[in-house]
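K.L.:
Okay, here's the structure, questions in a sec.
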């Protein structure tokens, strides 16, 4: 009887959370599309500018700051201060897509780009479905979990802002699936797709030099192929301009980068200690970045088998130590959340009928945090909770039994 009541309450929670999130997302989307100034302030302006430069001037000039400034002023319809330009700091991999979208005007290209991102998210669903079926999850529970994945709040923010998170999230899904299937080729090639965010990819890839080395070599092979493709698109001159852009990205607050608003160690330290020299904090951040790689490498070396909890910890570590990490990048929390859901079922803490609600529950928590004064607190608490949950699920079992 109590179990039936509990299941009904969870079902009502799911429906209420779903309705709230969909309503909130719809209001945000309308506010973006209806107000030209809000839409022009989206991150997509940098992507659209890159596409326009690629179409009008050629891929070689995409990373030319003077061209970006001129084209963005044309798109905005008024002059822009130098530091008001949103620079395109991403690898050339998406340029063919952006070049095609640049044939449209800005509002229609924004909508088209959002549909492309959603398509990449949906492309990962068959992979996740097979992965969970292999874990003996019932089909209805898998579909509920996938709805939570699709509506995950940081992922929606990425699509809303016109970012590229969906592309490398797809790569990380392939990485996770390949590792769980002992398919090192799929895992490494999937991980190479995350080179859209080099600071994330490096942290996740290097530990595989010390365990399951084939994953690392397939990552290198995929990365080399993508690198050659990128070089073919922009040429040596464009590659040099791209490296200059990366130096700007690593160096400060200009061009809308705003490190103090990031959700990594650097952002946390800048907010907690505003009196300390930002340059020193950035150096500490790079030191922590190296430490994170070394720590994961040691863990891989001493571990007999790389399990899903290792992968979740690697993703959480990469998010915290990455030198550049904005809110939309927290969409990668989906991987440790999925790992957490699987581990809870395997440890006997939860059944799939309850574990399937975890993406929605975490999404709702992040959404409420994002619109509250706790915006810069909740994501760190979620990361810390997931570390504990991934590595100590049995303690959660005892806690749940005591509460019962």
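K.L.:
Testing the spin-label approximation: label points 7 Å from Cα along Cα→Cβ at residue 75 and residue 347. State their distance in nm.
P.N.:
If labels sit at residue 75 and residue 347, their model points lie 4.5 nm apart.
K.L.:
Also, quick follow-up: Taking the 0 to 90 degree range and rounding to the nearest ten, how far is the long axis of helix 125-134 tilted relative to the main principal axis of the chain, both from C-alpha atoms?
P.N.:
20 degrees
K.L.:
At R0 = 22 Å, how high is the FRET efficiency between residue 119 and residue 37 if r is their beta carbon distance? Nearest 0.05 is fine.
P.N.:
Details: r = 28 Å, r/R0 = 1.28.
That gives a FRET efficiency of 0.20.
K.L.:
Another one. Taking every pair of alpha-carbon atoms in region 61-165, what share in percent sits in each 5 Å bin, from 0 to the bin with the longest distance?
P.N.:
For region 61-165, the pair-distance distribution reads 2, 10, 16, 18, 16, 12, 8, 7, 5, 3, 2, 0.
K.L.:
Same structure, new question: Rounded to a whole number, what is D in µm²/s for region 1-98 from Stokes-Einstein with the Kirkwood radius over alpha-carbon pairs (10 °C, 1.306 mPa s)?
P.N.:
It diffuses with D of about 97 µm²/s by this estimate.
K.L.:
Going by how many other beta carbons lie within 10 Å of each one, how would you line up 385, 265, fewest first?
P.N.:
Values: 385 14, 265 22.
Going from least to most buried by this count: 385, 265.
K.L.:
Please order 357, 88 by the number of other Cβ within 10 Å, starting at the fewest.
P.N.:
On the way: 357 21, 88 27.
Taking fewest neighbouring Cβ atoms as first place, the list is 357, 88.
K.L.:
Using alpha-carbon pairs under 8 Å, 6+ residues apart, how would you state the relative contact order of region 281-404 in percent?
P.N.:
On the way: 89 pairs, mean separation 31.7, N = 124.
It rounds to 26 percent for region 281-404.
K.L.:
Here's another thing I want to ask about it. Round to a whole angstrom and tell me the spacing of the C-alpha centers of region 81-133 and region 20-38.
P.N.:
Each part reduced to its Cα centre gives a spacing of 18 Å.
K.L.:
Set the Förster radius R0 to 25 Å, insert the Cβ-Cβ distance between residue 368 and residue 272 as r into 1/(1 + (r/R0)^6), and round the FRET efficiency to 0.05.
P.N.:
On the way: r = 23 Å, r/R0 = 0.91.
Using R0 = 25 Å, I get an efficiency of 0.65.
K.L.:
If you take the beta carbon distance between residue 307 and residue 103 as r and set R0 to 41 Å, what does 1/(1 + (r/R0)^6) give as a FRET efficiency, to the nearest 0.05? Could the numbers behind the result be given before it?
P.N.:
Values: r = 47 Å, r/R0 = 1.14.
My answer for the efficiency is 0.30.
K.L.:
At a threshold of 8 angstrom on Cα-Cα distance, excluding pairs fewer than six apart, so keeping six or more, what relative contact order does the chain reach in percent?
P.N.:
Details: 525 pairs, mean separation 73.7, N = 404.
Normalised by residue count, the contact order of the chain is 18 percent.
K.L.:
I need the peptides 98-109, 28-39 ranked by packing, meaning the mean over residues of other C-beta atoms within 10 angstrom, with the highest value on top.
P.N.:
98-109, 28-39
K.L.:
Mind pulling the angle between the C-alpha long axis of helix 378-391 and the longest principal axis of the chain? Nearest 10 degrees, somewhere in 0 to 90.
P.N.:
Compared with the principal axis, the helix lies near 50 degrees.
K.L.:
Calculate how steeply helix 334-346 sits against the longest principal axis of the alpha-carbon atoms of the chain, using the helix alpha-carbon long axis, and give the answer as 0 to 90 degrees to the nearest 10.
P.N.:
Helix 334-346 sits at roughly 10 degrees to that axis.
K.L.:
A further question on this structure: Would you mind ranking 157, 53 by Cβ crowding within 10 Å, fewest neighbours first?
P.N.:
Numbers: 157 22, 53 26.
By the 10 Å Cβ count, ascending: 157, 53.
K.L.:
Another question about this same structure. How do the peptides 176-182, 90-96, 16-22, 289-295 rank, highest first, by the average count of neighbouring beta carbon atoms within 10 Å per residue? Before the final figure, lay out the partial values.
P.N.:
On the way: 176-182: 18.7, 90-96: 20.3, 16-22: 14.4, 289-295: 16.3.
Result, highest mean Cβ count within 10 Å first: 90-96, 176-182, 289-295, 16-22.
K.L.:
Then there's this: Taking the Cα of residue 29, stepping 7 Å toward and past its beta carbon, and measuring to each backbone N in region 96-114: which are under 17 Å?
P.N.:
Under 17 Å, as judged by backbone N against the label point of residue 29, lie 107-114 of region 96-114.
Only the coordinates and a few stated rules stand behind these numbers; no lab work does. Treat the numbers as computed from the prediction; the structure is a model and nothing was measured. Quick reminder, even Gly has a Cβ in these numbers, built from the backbone with ideal geometry, and neighbours come from all protein chains shown.
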